[in-house]
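Working notes, structure below.
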Amino acid sequence: MSTDYNAFITEATIEGDADAEGPLAGARVAVKDNISTAGVRTTCGSEMLADYVPPYSATVVDRLTEAGATVVGKANMDEFGMGTTTETSAFGPTKNPADPERVPGGSSGGSAAAVAAGEADVALGSDTGGSVRCPAAFCGVVGIKPTYGLVSRYGLVAYANSLEQIGPIAGTVEEAAAALDVIAGPDPHDGTTRDLADVEGADSDPNYAAAADGDVDGLAIGVPTELFEGADERVVETVEAAIADLEARGAETTEISLPSVEHAVQAYYVIAMAEASSNLARFDGVRYGDRADSDGNWNESFAETREQGFGAEVKRRILLGTYALSAGYHDKYYQKAQDARAWVRQDFEDAFADVDVIASPTMPVLPFELGESLDDPLRMYLADANTTPVNLANLPAISVPAGEADGLPVGLQFVGPKFGEETVIRAASAVEE
Amino acid sequence: MSDTSESTGDAGAAEDGGEGDSAAAVDSAAVAVDADAVRHVADLARVRLDDDEVDAFTDQFAEILEYFEALDEVPETERDEELVNVMRPDEVRDGLSQEEALSNAAETEDGFFVGPKVS
């Protein structure tokens with residue numbers, strides 16, 4: 001490689017099953033560094049876990065290696081998944097292979113950059129509020145956020161459990177779908193995974209790769225005005241052109257309205273921060289992780305360990321989450337955010353009574369320049385306007401390259417009904433043609 | 001579930017009279033975040049901050065919390081989650097060995113984790 005994009009925190013090999021057959025046999029996989037790999041350090045992009053070596057592998061890693069894929073490294077990421085640019089990593093930012101002056105998106109920026117730069121065939125990311133789809137859009141590759149409960153989270157270091165799913169990133173829709181075929185399915189180690197045979201209306205034996213057939217004849221596409229308003233004009237034009245192309249091939253578009261999504265970013269951040277403040281309480285320097293040299297008592301030692309081990313964005317979210325859950329503010333922030341979440345879910349359910357998929361820009365902006373948003377957290381949060389509603393509603397979504405604007409990649413997002421992965425994959429595969 | 005809000009309208013009501021309990025304070029439009037509040041939350045969360053961080057967070061939190069204010073416009077919504085219990089027989093299975101469980105600890109003794117002194 002002539003350019004070092006800093007896509008990997010650790011380059012290490014976990015051999016896949018050499019006898020396996022199938023689309024992933026021999027594939028090189030980059031695994032986001034918050035997904036546990038036995039014997040290979042798993043840092044979450046944090047000083048806190050710089051030397052942490054998991055004694056077991058995540059279910060998704062075992063499934064990939066059993067399918068013949070070889071892990072080639074642990075991909076860079078925003079610290080604990082908290083960011084939209086991969087600049088909050090303690091291991092330095094990743095550069096966007098499409099334009100090395102710009103961020104690759106986040107938080108799975110290393111995963112998307114590894115695929116875009118040809119350093120991996122497939123990558124795993126995790127998507128809590130857009131962290132697979134955003135970097136896929138910014139780097140010009142494909143990313144899938146599965147329905148909550150489709151893919152096991154066993155071995156994923158938790159940030160916001162109720163929102164996150166592991167999802168694949170690849171150069172084409174079919175390759176990403178083939179990786180989803182391998183990692184999807186119930187896992188006794190994760191009680192939130194669902195057996196599709198028990199899910200009403202779901203295809204109990206899906207074949208995601210086969211769904212990438214490009215056939216959109218008769219597909220009803222909903223176009224929500226709220227997810228286009230406020231987006232960069234160049235992004236809107238590129239996405240609208242891609243949708244018009246699908247219309248020419250037999251898809252029907254309808255303008256729809258999702259009024260609740262105006263509150264999605266606020267609700268998402270309140271819920272995610274609240275869950276983060278609880279999840280990250282485990283990092284106290286006793287059982288694992290970095291421990292500060294401290295002469296203080298239990299509480300002082302923890303506070304120093306956490307001062308030293310966490311970066312600014314992680315501290316910000318832990319503190320805001322603690323605040324939002326504290327006495328006097330719980331009803332104002334957390335309960336209202338849960339109301340908003342239920343409203344968003346209801347809005348999507350109503351919309352899917354009339355349309356098969358919902359299309360929008362994945363990101364309302366073009367990739368930021370490196371350093372541009374780092375000191376302005378709110379500005380970074382607002383970039384998640386189109387991706388966070390999907391996590392709040394537990395739905396499947398995909399980001400597929402729609403074209404370029406000013407030489408930079410633009411992603412088109414399709415959202416589907418629960419366990420409707422095949423529909424979003426089919427729609428996205430038509431955009432590629 | 002009952003709505004605990006006492007106000008019938010929202011903005012426009014007089015906002016002085018900062019006395020009262022936290023619930024009343026929460027109802028007023030602007031959330032005051034000062035450096036002491038940031039320090040208090042950091043203390044609750046067991047995260048030590050230096051003075052520069054406190055200053056930066058005070059400004060950023062004010063801006064972010066003001067943005068979160070828009071949640072007040074969200075209507076109370078029926079939350080009928082399709083939650084089902086997931087049960088399995090409680091069977092003995094292999095877990096981590098003691099050695100594996102201790103392998104990432106900063107300090108161990110006789111097969112135990114060693115933590116900081118309690119007081």
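The values are calculated or read from the model by the stated rules, or taken from the named source; none is laboratory data. Predicted model only: the values in this text are computed from it and were never measured. Don't worry about glycine lacking a Cβ; one is built from the backbone with ideal geometry, like all the others, and counts go over all protein chains shown.
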How many residues are more than 20 Å from residue A:294 (Cβ to Cβ) and either among the small types (Gly, Ala, Ser) or within 9 Å of chain A (Cβ to nearest Cβ) (or both) if we restrict to segment B:41-64? 8
Check whether at least one residue in segment A:278-299 is facing another protein chain (nearest Cβ under 10 Å), surrounded by 20 or more Cβ atoms within 10 Å (Cβ to Cβ) and outside any loop (DSSP other than H, G, I, E, B), and report yes or no. yes
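With respect to residue A:63, is the statement that it is touching a residue at least 60 places away in the same chain (Cβ under 8 Å) and over 21 Å from residue A:130 (Cβ atoms) true?
Values: touching a residue at least 60 places away in the same chain (Cβ under 8 Å): yes; over 21 Å from residue A:130 (Cβ atoms): yes.
Considered against the rule, which asks whether it is touching a residue at least 60 places away in the same chain (Cβ under 8 Å) and over 21 Å from residue A:130 (Cβ atoms), residue A:63 comes out as yes.
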Residue A:202 versus (1) at pLDDT below 95; (2) crowded, with 23+ Cβ neighbours inside 10 Å: which is the lone unmet condition? (2)
Kindly evaluate residue B:38 against the criterion of being out of contact with any strand residue (DSSP E or B) (no Cβ under 6 Å at 6 or more places or on another chain) and not in a helix (DSSP H, G or I). no
Pairs only if they're at least six apart or on different chains, beta carbon under 7 angstrom, first in segment A:234-250 and modelled with pLDDT of 95 or more, second in a helix (DSSP H, G or I) and among the small types (Gly, Ala, Ser); list them, first residue then second. A:246/A:430; A:249/A:430
For segment A:78-106, how many residues meet the condition of being closer than 20 Å to residue A:158 by Cβ, assigned to a loop (DSSP other than H, G, I, E, B) and touching a Cys at 6+ places or on another chain (Cβ under 8 Å)? 2
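Here's the yes/no breakdown for (1) under 30 Å from residue A:286 (Cα atoms); (2) aliphatic (A, V, I, L, M); (3) surrounded by fewer than 23 Cβ atoms within 10 Å (Cβ to Cβ); (4) at pLDDT below 95:
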{"site": "A:2", "(1), (2), (3), (4)": "no, no, yes, yes"}
{"site": "A:12", "(1), (2), (3), (4)": "yes, yes, yes, no"}
{"site": "A:20", "(1), (2), (3), (4)": "no, yes, yes, no"}
{"site": "A:28", "(1), (2), (3), (4)": "no, no, yes, no"}
{"site": "A:42", "(1), (2), (3), (4)": "yes, no, no, no"}
{"site": "A:49", "(1), (2), (3), (4)": "yes, yes, no, no"}
{"site": "A:59", "(1), (2), (3), (4)": "yes, no, no, no"}
{"site": "A:91", "(1), (2), (3), (4)": "yes, no, yes, no"}
{"site": "A:114", "(1), (2), (3), (4)": "no, yes, no, no"}
If I filter segment A:135-148 for residues that are free of Cβ contacts under 8 Å to residues at least 60 places away in the same chain, out of contact with any Pro (no Cβ under 8 Å at 6 or more places or on another chain) and more than 14 Å from chain B (Cβ to nearest Cβ), do I get at least one hit? no
Pair list, Cβ < 8 Å and 6+ apart or interchain, from segment B:93-119 residues that are at the interface with chain A (Cβ under 7 Å from one of its Cβ atoms) to residues that are surrounded by 11 or more Cβ atoms within 10 Å (Cβ to Cβ) and in a strand (DSSP E or B): B:105/B:113
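Restricting attention to segment B:77-119, which residues are farther than 30 Å from residue A:335 by Cα, of a type in the set (A, V, I, L, M) and in a loop (DSSP other than H, G, I, E, B)?
Step one: filter segment B:77-119 for residues farther than 30 Å from residue A:335 by Cα, giving B:88-119.
This time we only want the ones that are of a type in the set (A, V, I, L, M), so: B:92, B:96, B:101-102, B:105-106, B:114, B:118.
Matches in segment B:77-119: B:92, B:96, B:105, B:106, B:114, B:118.
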If residue A:214 satisfies every condition in (1) modelled with pLDDT of 95 or more; (2) under 24 Å from residue A:392 (Cβ atoms) but one, which is the exception? (2)
